Amino acid sequence: MSERKSLEVRVSVDVGSRRHSVAIGLSDGQVLEEFEIAHRPEGFQEFFSRIARHEKVHGCEVAVAMEGYNGWARPLDSLVRQHGYRLYNINSLKLARFKEIFPGAAKKDRIDARKGLELFQLRDHLALAKDVLQEVTGTPKENEILKGVTRRRRRLVNERVRVVNNLQADLHAVCPGLLEMTSDAGNQWFLNFLVSADTVPQLARLRKSTLLKIRAVGRKYAGLIAQWQKQAHFSDEAEWVSEMIQEDARRCLELDEKIKTLEIKIKEIARNSTMATLLSSIPGFGAVCTSELAGEIGTVDRFSKEASLALYLGMSHLDNSSGKYQGTKQAKHVNTRAKAAMMTAIDRHRKYVPQSQKYYEKKRAEGKSHNQAIRALGRHLCRIIFTMLKEQRAYQLRPETGDTQGRVSSVACVKTALQRSKIFVNN
């Protein structure tokens, strides 16, 4: 009876865009069956019915491993967790390294599905195989929502950057002097000015009274426009490029409205997220950056130590030393979205905390670039953030010892405090 309880039904899924290859086996190495399912409701129903049949026959728990968790695997991955099965993500980068060390047959979906069962067998005995399979822990619903909404916002922001770049290139070709009025073609008043006439050449004939009626265009900008109108010149391309310029300007204004709406929604959701609330207690960490970090991290239980969190956020490097050579290399398995949010938040943080600014200036004096100095500061902050999230404590500044003028000392940036990893809770 005890031997039967030790068994485990193990399922390996090679995720595809439309069809998934599945292999089901037992923890003793026996392969029960192999099949394919369609990425459709009926395919999911077949998937769980076959697992339930084996679960009933063998009377043991179920573990599912899939490559591509939270990508093409959606919504199958969430359905697996709803059924109460343990879910493992097959780390694609570590799997590729594993295949280099233990080469096998040519790559096929069926072979890759069976490879997952082999990894299950080896993970208890081989550390490298254990790293390939990473258990997916449950994350708060608020953080899951923040992940989706902040990623949507990031896509819109990136699209706006591309549209503004195209707009600037077209304006340089059609009317170079027009861009001299503003340092950024994405300014609201400038975009409103571009769409205030039927064509771009007609902008040179707008009266001052009309200019003052344009949204966000006051007397200052109306005066700049009037000076440009006196010497306005358009190339021959204006006849057909004008339409594209105004189309891009309208798209920028539309994206601005969508981004603003999403940011309001993000702030509302973040109020219910414990992680976002804790991160927002760090000086300089704004609502958007903390929401992005909370969404991408999900839960701190994913990380066994603070070094793993720092690596995930892109704030540390991997050792790359050999013999007398001592060096590091960049890690490939970094969450680029979380890293971008972290870099932005740290750059603001150093301007709020004097000790952080001193540490940043020290690194710059050592010859580090801006980004390198920010990452060095971020590496220290990761230690504090890890402890904050583990112990559910808020960041707090405390008065310096013996200070009578109310100056504060950051527990995150004083080196000795970092080594002790002390965090103080608001009473």
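See the values below:
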| item | result |
| --- | --- |
| Which listed residue, of Ala341, Ala331, is within 17 Å of the chain's Cα centre (by Cα) and modelled with pLDDT of 95 or more | Ala341 |
| Residues satisfying the stated conditions in the stretch 94-152, i.e. over 30 Å from Met275 (Cβ atoms), of a type in the set (A, V, I, L, M) and either modelled with pLDDT of 70 or more or in contact with a Pro (Cβ under 8 Å, 6 or more places away or on another chain) (or both) | Ile111, Ala113, Leu117, Leu119, Leu122 |
| Condition check for Lys358: open to solvent by 50 Å² or more (accessible area, probe 1.4 Å), modelled with pLDDT of 90 or more, more than 23 Å from Ser308 (Cβ to Cβ) and part of a loop (DSSP other than H, G, I, E, B) | no |
| Checklist (1) closer than 30 Å to Ala338 by Cβ; (2) in contact (Cβ under 8 Å) with a residue 60 or more places away in the chain; (3) assigned to a helix (DSSP H, G or I); (4) of a type outside the set (D, E, K, R) applied to Asn192, failing item | (1) |
| In the stretch 264-317, residue most open to solvent (accessible area, probe 1.4 Å) [restricted to those that are closer than 27 Å to His370 by Cβ, of a type in the set (Ser, Thr, Tyr) and assigned to a helix (DSSP H, G or I)] | Ser280 |
| Residues that are closer than 22 Å to Met244 by Cα, open to solvent by less than 50 Å² (accessible area, probe 1.4 Å) and among the β-branched types (Val, Ile, Thr), drawn from the stretch 134-165 | Val157, Val163, Val164 |
| Qualifying position, being assigned to a helix (DSSP H, G or I) and farther than 16 Å from Asn192 by Cβ, among Ile259, Ile225 | Ile259 |
| Selection within the stretch 32-53 - surrounded by fewer than 14 Cβ atoms within 10 Å (Cβ to Cβ) and among the hydrophobic types (A, V, I, L, M, F, W, C) | Ala52 |
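The values are calculated or read from the model by the stated rules, or taken from the named source; none is laboratory data. These numbers were taken from a predicted model, which means no experiment stands behind them. With ideal geometry, Cβ positions are generated from the backbone for all residues, glycine too; neighbour counts draw on all protein chains shown. Accessible surface is based on the protein model in full, side chains and every heavy atom, while ligands, DNA and RNA are left aside. Shrake-Rupley method; radii C 1.70, N 1.55, O 1.52, S 1.80 Å.
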